[in-house]
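Comments concern the structure below.
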Amino acid sequence: VRTRLGWAGLYDTDFDYITTYDNSSFCKPYPGYFQEILKNTGKRPEQCIMLGNNVDEDMKAESSGIQTYLVPEFLENEQNLDYARYPQGSLEDFIEFLS
């Protein structure tokens, strides 16, 4: 997990909660994964956003009411799903999207 965060220039200390195999009963893309995160963090879906590059796995957060944002620069779309409806752009665009 630390290595993958490092690829984005982030550290585990930048986050209050990070999912791992040790603390999760589900994994993406199952809705239970996102619901468990909401429960464990005490957050409501409207307080969260899923930023990701995988159309199938990351955008499934939408099924739990979590807003999504797709970064297609390193797009993963093995099932060739239509992703035009998702808000999307670069990481820099995402910063503007949040404000």
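The values are calculated or read from the model by the stated rules, or taken from the named source; none is laboratory data. Bear in mind that the values here come from a model prediction, so they are computed numbers and not experimental data. We place every Cβ from the backbone using ideal geometry, glycine too, and count neighbours over all the protein chains shown. We work out accessible area using only protein heavy atoms, side chains counted, and drop any ligands, DNA or RNA first. Shrake-Rupley method; radii C 1.70, N 1.55, O 1.52, S 1.80 Å.
Just a few scattered comments:
- In this structure the amide hydrogen of GLN88, modeled in the peptide plane, comes within under 5 Å of the amide hydrogens of LEU70, none closer than 5 places in sequence on its chain.
- Percent RCO, i.e. relative contact order, over the chain, from Cα pairs under 8 Å lying at least 6 residues apart: 18
- Anisotropy class of the chain from Cα gyration tensor, a/c 1.5 cut: rounded
- Looking at region 28-70, the accessible area is 51 square angstrom per residue; that uses a 1.4 Å probe and ignores ligands, DNA and RNA.
- Computed over protein heavy atoms with a 1.4 Å probe, the carbon and sulfur contribution to the accessible area of region 5-99 reaches 52%.
- The chain: most fluctuating residue of TYR83, TYR69, TYR17 per GNM, C-alpha cutoff 10 Å: TYR17
- Scalar couplings 3J(HN,Hα) for region 57-65, obtained by applying the Karplus form with A = 6.51, B = -1.76, C = 1.60 to θ = phi - 60°, are 6, 6, 6, 5, 4, 4, 5, 9, x Hz; x denotes Gly and Pro.
- Among 42-49, 75-82, the order from most to least packed when residues are scored by Cβ within 10 Å on average: 42-49, 75-82
- Under Karplus coefficients 6.51, -1.76 and 1.60, residue-wise ³J(HN,Hα) of region 77-88 in Hz, glycine/proline x: 8, 4, 8, 6, 6, 6, 10, 4, 7, 7, x, 7
- Counting only residues at least eight positions apart within a chain, or on another chain, the aspartates and glutamates with an alpha carbon under 17 Å from that of LYS60 are GLU36, GLU46, GLU76, GLU78, ASP82.
- Proximity of backbone amide H atoms, modeled 1.01 Å from N, is registered between PHE26 and no other residue at under 5 Å, excluding neighbours fewer than 5 places apart on the same chain.
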